[in-house]
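Peer 1: Please find one structure pasted underneath; my questions will follow.
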Amino acid sequence: MTAKRIDVKGIVQGVGFRPFIYRIAKKNDLKGYVKNMGNYVEIVVSGKLNNIDAFLSDLKLEKPPLSKIDNISIEDIDENENLNEIYGDFTIKLSDTSKIEEEGTIPPDISICDECLKEIMDKKDRRSDYAFTACTNCGPRFTVIEKLPYDRENTSMKDFPLCKSCIEEYKNPEDRRFHAQATCCDICGPELFITDDSGKIISNDICDAVKFLEEGKILAIKGIGGTHLVCSINSDKSVLELRKRLNRPTQAFAIMSREEYLDLFSKIDENELNMIKSPKKPIVALKKNELYEKYFSEHVSNLNTIGVMLPYSGLHYLLFENTDQIAYIMTSANLPGLPMSIDNEQILEKLENIADYFLLHNRKIVNRCDDSVLKEINGKMELLRRSRGFAPEPVEVNYKKIKNNSKNILALGPELNSVACLVKNNKFYLTQYIGNTGKYETFNYLKDAVENLIKITNTNKIDAIVCDLHPSFNSTIFAKELGEKYKIPVTQVQHHESHCHSLMGDSDIFENNVTIAIDGLGYGNDGNIWGGEVFLFKNGKIERAGHLEEQIQPGADLASKYPLRMLASILNKANLNVSEIIKGYNYFSEKELKLILFQLEKNINVSKTTSTGRVLDSISALVSLCFERTYDGEPSIRLEALANEYTGEISEIEKLVEESIKIENNILDTTSLVVKSLEMLNNNEKIEKIAYFIHIAIADGLSKIAIETAKKQSIEYIGITGGVSYNKIISERIVENIKKESLKPLIHKRIPNGDGGISFGQAIGYLLNSN
Amino acid sequence: MNITRMHGAGGTVMQKLIKETILGNLENTKIEGGIGLESLDDASTIPIGDKEIVFTVDGHTVHPIFFPGGDIGRISVCGTVNDLSVMGAKPVALSLSIVLPEGFDIEKLDKIMKSINEACKEAGVAIITGDTKVSNVDDIIISSAGIGIVDSGKAVRDCGMKEGDVIIVSGNIGEHGLTILLSREGFEFESELKSDVAPVNGLVQSVLNAGFEINAMKDPTRGGLADSLNEMAEKSDLGILIHEDKIPISDEVQAIGEALGIDPLTVANEGKVVMSVKEKDSEKILEILTAHPLGKNAKIIGNVTSEHKGVLMETIVGKRIVDTPMGDPIPRVC
Ligand SMILES: [Fe+3]
Ligand SMILES: [Mg+2]
Ligand SMILES: [Zn+2]
Ligand SMILES: [Zn+2]
């Protein structure tokens, strides 16, 4: 007889790990116990040595699909203790939190599993039509947990004591629902109800919700980790009404559809299909196909892509029952820039004028979690938003300088698309998507999310805080407040350096590299605004090696809001007759235009910017595509969609680009690119061609600077990061250019390219530069 | 480090300079029983019997020295009078110290002096001492110290806001700063935009004389309303919630601010006060203010709360944090 103590660390809670251990212990004829220790699982087994070996091999090879083992430590137990007598059987012991050490991991939410779904659809099953059906293999995790360990009393399921049948399942180690913390049924679990806009309950039947949707009504639907505004996609009337009520004139809506319908309206490839079907069930930006228009209109998405997700909970599947709707608009229920509403009262209050009816339930959402969004670029699924299904699972970095980190670091990110990051050892815990922390409500959400992250990772001290260099970001001010309050050092890291560090951490490659970091805006080391940067990372030091030409941004944020201002500014720099050209657009009043020109002439409230976004914006205005940005990146996002319509010869554009690119001292002249675009417009070239031209020109110009820098330094890696790297045309062109030179491209895989990856990069940058 | 324009812009950069380099080197900054320099209020006090003498000084350089609505002379008087006024004091007398550059046109000086005289009559104050120098400066500099009188313990502080108070601003904001900006840079006006520079002692006294208490008060000059509100909130250790749609702003200032990307909340005023008063008095105080020619656009713009710190503004798209301005705004939208 031998006895061993086995500690397993990793994602081992809320994924059916203990029943699995129970089963393999029984199978191998072992005695002992398994116990949840809050952040790891402790197992004691006693039996024949070869059985223990078989047990260990089962543990590694057959572990539950959603679990993740980071570390197994095995220790012999003194044979003199007669363990066989102490452990007469193999048992699952109650959780023990007395030994909680710092590290712990809660799994993200997991979409409903096939077995649970089957039960919902089975009219004879006791869970038939029950929206909250879940088991150890599926259901909410992160969004219902208040603290560790992941036991029912620490989740919002504590409000729903199990009924007799559910207890039997919960206590039976052979059952799929053994210790399934989110399990419930229609007798004991959360209940759905439908209210009108006054909050009066008018039905408890989800079929009525489907009926309202079919009638063209707008519904607020509280789901698992968040709330959606939902309407039928069949009639433009509902879609346009939703746009009007949300004051969201153009930003594409995401839709929810069924797997079997995807081919009807999209061109989906294998990568995309695997991602959209995965248990994470994110939104995937799919290419529209030729038949798209047959099903939905431009009013759903005016881009060449459409964001689609599949149902991920029982509730969602039930919305597709007894209806011929092939998709619904499913957009997060919030006013632009504000956090999604999650509690019933707030939903009713904030969405009173937006939704006609409310499909709600009585389970509390503890952690709000927006849908994640991915897009395929360069053949890889890249994260536009890393949230539900991903958070709070940590990202590991194994680079030697980071692997042995012993500090707990809190990085607070930038301002837009904010995500915070907590680092413990070599694990980077990113919060769910937070949003625009320039808004007070969203800023508070950031604070709450950080607090929750600290709680659910059992963190009891922070050693360092990292934030952006921008002096007026709320996150910067918050970082300084926290630092002062808790006497923790605060380090400010430049925005684009953080983008570069984020890419290195993402790929876990810290070799010397050149990285192109392109986006809308970041506060530069010189006090100007950056956003079209080429960095050289050499021997552990990062420096700016090249960039786009500096342009004047007139009126601070106004120039981002009204892209015609950027066009005016760049043409002004080119000494063209700006007044006449801009007047032609008939957009600004005479007085306003006069003030803008006055502002440019006298340098009143202007900043210098090397932003790639602002150059693309100016072309978006030049071709009369977009004069007002109503959502992040709108002018350039729509310009990319337009460029995709270009059907002419690529070689023709390449030739034009080659003639137009001017680089001096590693600075790409953007004025002449804009002037060239204006010439093309004046020569009645198609606007698709102009749009395509500027994309290739920027891609080739930046590639040239990066490749030359790399070659001069004998560097083989060239990376691409920043929000503009979501632009498929620019990104794929740059990667193509890199490959042509037999250099190695670095692209994002695990971390968002955009500002959602900044906090991660801030933390990496801090670690690289400390000690 | 050398002084930059930011050090004079009234924002956090300037605050730091004042706290560290200026106050940090002074030890005697207070008269027993009075309000001293370290509280950085609009003026300080010296207790004498059952009264307090209220004392302040302001130095003025303005470009251009003549602008729509006023000139450097008028500002010199009003700036000092207003600092006394927002302490709740009755301004009595001013000093006048003029530094002139070589080559300065005497006719201009004459015009400035006439304007000073006019403003003194409006405010009911006397200039009882003065000094004139010619020196190597770029343009005329006028400094003016002033004294006023207030009953003992009745000085209105900027730190005295109480939870539940209501915030009132006495009229349209942003006019002075935008006027100066546009006329300095030579923008051709086709508008009535002009500086609001005026002495507010009469306006303030009309409230106090009616027997109302003002818990806290400031004149929102450099840094504008945003700066004054933040200072009042910070010093009172409370929060202020204001409502965007209630802030009095003329269409003209709104339009020009929107065209240049300048937030009127951060723009200087020279004839306005912002006060924190008990809610129950607020409507009556508003009535008194709006009856006065300088207060006809007065509005209740918000209230004082302990629910948060700092200044928040309710807008149609949620709440916004109103920061202390730091000079020119830095873009923050991607
Ligand atoms: Fe960025
Ligand atoms: Mg003053
Ligand atoms: Zn399941
Ligand atoms: Zn039950």
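Peer 1: Among B:Val273, B:Val137, B:Val92, which one shows the highest mean-square fluctuation when chain B is modelled as a Gaussian network with alpha-carbon springs under 10 Å?
Peer 2: Top of the fluctuation ranking is B:Val137.
Peer 1: Out of residues 5 or more away from A:Gly435 or on other chains, whose amide H comes under 5 Å of its own, with H placed 1.01 Å from N in the peptide plane?
Peer 2: Placed amide hydrogens put A:Asn417, A:Ser418 under 5 Å from A:Gly435.
Peer 1: Using a Cα-Cα cut-off of under 17 Å, which aspartates and glutamates could be cross-linked to A:Lys200, ignoring same-chain neighbours fewer than 8 residues away?
Peer 2: Those aspartates and glutamates meeting the cut-off are A:Glu191, A:Asp208, A:Asp343, A:Glu345, A:Glu349, A:Glu352, A:Asp356.
Peer 1: As an exercise, identify the GluC sites (Glu not before Pro) in the stretch A:148-219 lying in DSSP coil whose Cβ has no more than 10 other Cβ atoms within 10 Å.
Peer 2: Answer by residue number: A:Glu174.
Peer 1: Oh, and also: Looking at chain B, which longest stretch skips every one of the GluC sites (Glu not before Pro) that is in a DSSP loop with at most 15 other Cβ atoms within 10 Å, leaving the sites themselves out?
Peer 2: B:214-306
Peer 1: Using the Karplus curve 6.51 cos²θ - 1.76 cosθ + 1.60 with θ = phi - 60°, what ³J(HN,Hα) values do you get for each residue of the stretch A:324-340, in whole Hz, with x for Gly and Pro?
Peer 2: 9, 4, 9, 6, 10, 5, 9, 10, 4, 8, 7, 6, x, x, 9, x, 4
Peer 1: Continuing with the same structure: Can you put A:Ser618, A:Ser589 in order of Cβ neighbours within 10 angstrom, beginning with the fewest? Mind showing how you got there, number by number?
Peer 2: Working: A:Ser618 29, A:Ser589 11.
So the residues, fewest neighbours to most, are A:Ser589, A:Ser618.
Peer 1: Cross-link partners among aspartates and glutamates for A:Lys93, C-alpha distance below 12 Å, same-chain residues fewer than 8 apart left out?
Peer 2: Partners found: A:Glu42.
Peer 1: Further question on the same structure: Compute the long axis of helix A:17-27 from its Cα atoms, compare it with the longest principal axis of the Cα atoms of chain A, and write down the angle in degrees, 0 to 90, nearest 10.
Peer 2: Relative to chain A, helix A:17-27 is tipped by roughly 40 degrees.
Peer 1: Report the percentage of all Cα-Cα pairs in the stretch A:435-558 whose separation exceeds 20 Å, rounded to a whole percent.
Peer 2: So the portion of pairs separated by more than 20 Å is 55 percent.
Peer 1: Which value, in debye to the nearest 20, describes the size of the charge dipole of the stretch A:192-361 about its Cα centre when Lys and Arg Cβ atoms bear +1, Asp and Glu Cβ atoms bear -1, and nothing else is charged?
Peer 2: The calculated dipole for the stretch A:192-361 is roughly 420 debye.
Peer 1: From the P(r) of the stretch A:2-93, can you give the percent of Cα pairs sitting at distances over 24 Å? Kindly include the intermediate steps, with their values, before the conclusion.
Peer 2: Values: 467 of 4186 pairs.
Every Cα pair in the stretch A:2-93 considered, those over 24 Å come to 11 percent.
Peer 1: Quick one: grab Rg to one decimal and Dmax as a whole number for the protein assembly as shown, Cα atoms only, in Å.
Peer 2: When restricted to Cα atoms, the protein assembly as shown yields Rg and Dmax of 33.1, 112 Å.
Peer 1: How about A:Lys9: which lysines have a C-alpha closer than 16 Å to its C-alpha, ignoring those fewer than 8 places off in the same chain?
Peer 2: Within the straight-line cut-off, A:Lys9 pairs with A:Lys35, A:Lys60, A:Lys63, A:Lys68, A:Lys99, A:Lys424, A:Lys427.
Peer 1: Holding the Cα-Cα limit at 31 Å, pick out from A:Lys485/B:Lys162; A:Lys594/A:Lys655; A:Lys164/A:Lys447; A:Lys31/A:Lys118; A:Lys288/A:Lys364 the pairs that are longer than that.
Peer 2: Values: A:Lys485/B:Lys162 25 Å; A:Lys594/A:Lys655 38 Å; A:Lys164/A:Lys447 40 Å; A:Lys31/A:Lys118 35 Å; A:Lys288/A:Lys364 37 Å.
Beyond 31 Å: A:Lys594/A:Lys655; A:Lys164/A:Lys447; A:Lys31/A:Lys118; A:Lys288/A:Lys364.
Peer 1: Residue by residue through the stretch A:232-243, what is 3J(HN,Hα) from phi via Karplus (6.51 cos²θ - 1.76 cosθ + 1.60, θ = phi - 60°)? Round to whole Hz and write x for glycine and proline.
Peer 2: Result, rounded to whole Hz: 5, 9, 5, 10, 4, 4, 5, 4, 5, 5, 4, 4.
Peer 1: Number of Lys-Lys pairs in the stretch B:31-151 under 24 Å by Cα, sequence gap 8 or more or different chains?
Peer 2: 8
Peer 1: Given the Cα atoms of chain B, and with Rh set as the inverse mean 1/r over their pairs in the Kirkwood sense, what is Rg to Rh to two decimals? Spell out each step's value before the answer.
Peer 2: Details: Rg = 19.3 Å, Rh = 20.3 Å.
Ratio of gyration radius to Kirkwood radius: 0.95.
Peer 1: Name the residues whose placed amide hydrogens come within less than 5 Å of the amide hydrogen of B:Gly69, ignoring near sequence neighbours (fewer than 5 apart) on the same chain.
Peer 2: B:Ser195
Peer 1: While we're here: 5 Å is the cut-off here: which amide hydrogens, built 1.01 Å from N in the peptide plane, fall below it relative to A:Ala134, excluding neighbours closer than 5 in sequence?
Peer 2: For A:Ala134, the qualifying residues are A:Cys184.
Peer 1: I'd like the GluC sites (Glu not before Pro) in the stretch A:620-664 restricted to DSSP loop residues with at most 15 other Cβ atoms within 10 Å, sorted by number.
Peer 2: When the GluC sites (Glu not before Pro) of the stretch A:620-664 are filtered for loop state and at most 15 Cβ neighbours within 10 Å, A:Glu628, A:Glu645, A:Glu649 remain.
Peer 1: Counting other C-beta atoms within 10 Å, and keeping those with at most 11, which DSSP coil GluC sites (Glu not before Pro) do you find in the stretch A:285-320?
Peer 2: A:Glu290
Peer 1: Using the Cα centre as the reference, give the magnitude of the dipole from point charges on the C-beta atoms of the protein assembly as shown (Lys, Arg: +1; Asp, Glu: -1; all else neutral), rounded to the nearest 20 debye.
Peer 2: The dipole of the protein assembly as shown has a size of about 1960 debye.
Peer 1: As a test of the formula, what do you get for chain A when each DSSP H run with n ≥ 4 contributes -39,500 (n - 2.57) and the sum is divided by the residue count, at 222 nm and rounded to the nearest 500 deg cm²/dmol?
Peer 2: Result for chain A: -10000 deg cm²/dmol, rounded to the nearest 500.
Peer 1: How would you rank A:Ile402, B:Ile167, A:Ile705, going from fewest to most other Cβ atoms within 10 Å of each one's own Cβ?
Peer 2: Least crowded to most crowded, the residues run A:Ile402, A:Ile705, B:Ile167.
Peer 1: While we're here: Run the dipole for the stretch B:117-190 about the Cα centre, Lys and Arg Cβ at +1, Asp and Glu Cβ at -1, nothing else charged, and hand back the magnitude in debye, nearest 20. Mind showing how you got there, number by number?
Peer 2: Details: 6 positive and 13 negative charges, 89 e Å.
Using only the charged Cβ atoms, the result is roughly 420 debye.
Peer 1: Residue by residue through the stretch A:343-351, what is 3J(HN,Hα) from phi via Karplus (6.51 cos²θ - 1.76 cosθ + 1.60, θ = phi - 60°)? Round to whole Hz and write x for glycine and proline.
Peer 2: For the stretch A:343-351, the Karplus curve yields 9, 3, 4, 5, 4, 5, 6, 6, 9 Hz.
Peer 1: Then there is this: What pairs in A:Lys350/A:Lys480; A:Lys287/A:Lys380; A:Lys222/A:Lys350 have C-alpha atoms more than 23 Å from each other?
Peer 2: Check vs 23 Å cut-off fails for A:Lys350/A:Lys480.
Any read-out appearing in this document is the output of simple, stated calculations on the displayed coordinates, not a laboratory observation. All values derive from a computational prediction rather than experimental measurement. All Cβ positions, glycine included, derive from the backbone under ideal geometry; neighbour counts span all protein chains shown.
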